[in-house]
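Written below as structure tokens is the structure these notes are about.
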Amino acid sequence: MAQDIWTKATTEKALRYWEAYKQQHDLSARQGQTAGIDPVRGQIWFGPSAQAIVAQLAAEGLTIPLYFLRIGSDVYLRKGSQQC
């Protein structure tokens, strides 16, 4: 990605790769896992968390920006406190 600048277009491209991947693969066994999507090459990594995927990439000597999402959820992480 030129100058490692993340834009709305970068996110949209990652989501297009994700939609194409979902059409070709059954993800029912991966519900709740994290997917990390490379918006440049379209490669997708899976793991229990974004941190685990980043560690996996670091072990492979890769440092690339990824778009993360939780499979089966509209959000990756909710931030804030819960009211009791």
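The values are calculated or read from the model by the stated rules, or taken from the named source; none is laboratory data. Since we're looking at a predicted model, the values are computed, not measured. Positions of Cβ are backbone-derived with ideal geometry, glycine not excepted, and every protein chain shown enters the neighbour counts. With ligands, DNA and RNA removed, areas are computed over all heavy atoms of the protein, side chains included. Shrake-Rupley method; radii C 1.70, N 1.55, O 1.52, S 1.80 Å.
How would the chain be classified by its alpha-carbon gyration tensor: rounded, prolate or oblate, with rounded meaning a/c under 1.5 and the a/b versus b/c comparison settling the rest? It is rounded, given that a/c, with a ≥ b ≥ c, falls under 1.5.
For the chain, carbon and sulfur atoms together expose 50% of the accessible surface, with a 1.4 angstrom probe and every protein chain in place. Taking amide H as placed 1.01 Å from N in the peptide plane, Tyr76 has its amide H under 5 Å from the amide H of Arg70, each at least 5 places away in sequence or on another chain. Take the chain with all the other protein chains still there, run a 1.4 Å probe, and you get 73 Å² of accessible area per residue. When the chymotrypsin sites (Phe, Trp or Tyr not before Pro) in the range 1-65 are filtered for DSSP coil states and for at most 12 other beta-carbon atoms within 10 Å of their beta-carbon, the remaining sites are Trp6. Couplings 3J(HN,Hα) for the range 7-21, derived from phi with the Karplus relation 6.51 cos²θ - 1.76 cosθ + 1.60 (θ = phi - 60°), are 10, 4, 5, 5, 4, 4, 5, 4, 5, 5, 4, 5, 4, 5, 5 Hz, where x marks Gly and Pro.
Within the full protein context, the accessible area of Glu60 is estimated at about 110 Å² for a probe radius of 1.4 Å.
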